[in-house]
Amino acid sequence: MVEIELKFQLPAAALPAIRAEVTAAGGRVQTLAAAYFDTPARHLATARAALRLRQEGDQWVQTLKAQGASPMHRLEHNVPCEGTPGGGRPALDPTHHLGTPAATALAAALGLGEAELAATARAGGMAGLALTFETDIQRSFACVTQAGIRVELALDEGAIRAEPSLDISPTPVEARTALPFGCPLIEVSNLDERAGNAETKLYRRSGRGDDRVRPPGPTRGGGPLRRRQHEQRRWRAAARRR
């Protein structure tokens, strides 16, 4: 099985309709507060990796994500953590991920050997990692099943605290699904029409928070539709190679 994420940046005019869709599917609301870490030179973002601490309800979880062997493969390692006595964010601890393939990728992104990363982390060092940005999100989500395929819909609204702070209301609506290898990609034309033909990004857990922090720039590459078609071709080619 492989999990695929489709993310859509929504225009404000489409938000009420998307909210209604998620609610009609039995949507629930979850508060997510997260802190993302990287080096000043953005070594993790460059390597398509992400390291974060996120509060999910009453539980803090430290997550490391990294690029796998192919565009359809992502490494991910999650570790529940204890918050501070007042329930605040715990300190980042890279040792949580030692001994995993994701940690190997993290060491490579930082230009370290895995043993060097382990020694640095166990000594309390951060290997240059520091807080990059924080997010405060209200996620409305629902699970639906169609043609035997389970799909999780998630609508995120909130803010990113960086320099400068960036409002993300609305932020992407996610259509996340777990598919067996060889299963055709989900057609997203109906959802895309309700979203007002907004710019669409298709990727599997890229982990590049910098993409959300940067203010929108001028369009490139022939416009949203052409870029979407190009991404779809790349995904289908990657699926065939598997």
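No lab work stands behind these numbers, since they all come straight from the coordinates. Quick caveat, the model's predicted, so the values are computed rather than measured. Neighbour counts run over all protein chains shown; Cβ positions are idealised from the backbone, glycine included.
When residues of segment 60-81 are filtered for being assigned to a strand (DSSP E or B), touching a residue at least 24 places away in the same chain (Cβ under 8 Å) and more than 14 Å from the chain's Cα centre (by Cα), how many remain? First the steps, then the outcome.
To start, the set of residues in segment 60-81 that are assigned to a strand (DSSP E or B) comprises 60-67, 74-81.
Of the ones still in play, those that are also touching a residue at least 24 places away in the same chain (Cβ under 8 Å) are 60, 62, 64-67, 74-77, 81.
If we keep only those that are more than 14 Å from the chain's Cα centre (by Cα) as well, we get 60, 81.
Qualifying residue count, segment 60-81: 2.
Could you tell me whether THR84 is on the phi < 0 side of the Ramachandran plot, among the hydroxyl-bearing types (Ser, Thr, Tyr) and exposed (fewer than 15 other Cβ atoms within 10 Å of the Cβ)? Working first, answer last.
On the way: on the phi < 0 side of the Ramachandran plot: yes; among the hydroxyl-bearing types (Ser, Thr, Tyr): yes; exposed (fewer than 15 other Cβ atoms within 10 Å of the Cβ): yes.
Against the criterion (on the phi < 0 side of the Ramachandran plot, among the hydroxyl-bearing types (Ser, Thr, Tyr) and exposed (fewer than 15 other Cβ atoms within 10 Å of the Cβ)), THR84 qualifies.
Consider segment 81-104. How many of its residues are among the hydrophobic types (A, V, I, L, M, F, W, C) and more than 22 Å from ALA69 (Cα to Cα)? Talk me through it step by step, then tell me what you get.
Here is the first cut: in segment 81-104, the ones among the hydrophobic types (A, V, I, L, M, F, W, C) are 81, 91-92, 98, 102-103.
Imposing the further condition that a residue be more than 22 Å from ALA69 (Cα to Cα) reduces the set to 81, 91-92.
Qualifying residue count, segment 81-104: 3.
Looking at this structure, is ALA34 buried (at least 20 other Cβ atoms within 10 Å of the Cβ), among the hydrophobic types (A, V, I, L, M, F, W, C) and assigned to a helix (DSSP H, G or I)?
Values: buried (at least 20 other Cβ atoms within 10 Å of the Cβ): yes; among the hydrophobic types (A, V, I, L, M, F, W, C): yes; assigned to a helix (DSSP H, G or I): no.
No.
Let me confirm something: among THR100, THR63, which residue is farther than 20 Å from PRO40 by Cα and of a type in the set (Ser, Thr, Tyr)? Spell out how you get there, then give the answer.
Values: THR63 fails: farther than 20 Å from PRO40 by Cα.
Matching residue, one of THR100, THR63: THR100.
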